[in-house]
C-alpha cells in the first residue's frame, strides 16, 4: 500500500509542477521583451480597412503599425513620408522585401489601404 501512496504523491507533484510551468509560460505571453518600451496600440480606422490590414499586412508591419521587420516597415507616420499614390504603388508592386499585393488585393482594396495609411502623420 505504501508503494501506491508514494506513486500517487509523485503524480500529484508532477501535475502541480506541470500546472505551475504552464502558468509561468502563459504569464510570459504578451509581455514586451523590450524593457521600457510601450506596447503598441491598435490603429484606428474604418473597420473594413482595418480588416484588410490585419489579414494582409500585420505580420510584417505589426498590430500597432510599429513595423516588425525594421524601421522601414514602421507605418505609424507613413503619410508624412509618402503620398497616397506612392503608398498605393508600394502596396501594388511591392519593393525591397515587401511582396507585391496586386494579385492578392483588388484595386479598390489597395486604394482603401493607401488612403488610410496616407492619413497617418
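Can you classify segment 47-118 as rounded, prolate or oblate using the Cα gyration tensor, where a ≥ b ≥ c are the square roots of its eigenvalues, rounded means a/c under 1.5, and otherwise it's prolate if a/b beats b/c and oblate if not? Walk me through the numbers on the way to the answer.
Numbers: a/c = 1.24, a/b = 1.18, b/c = 1.05.
Rounded.
I want to check the label-to-label distance for residue 115 and residue 103. Put each point 7 Å from Cα in the C-beta direction and report it in nm to one decimal.
2.8
Rule-based calculations on the coordinates, nothing more; no lab input. These figures come from a predicted structure and were not determined experimentally. Glycine also receives a Cβ, built like all others from the backbone with ideal geometry; neighbour counts cover every protein chain displayed.
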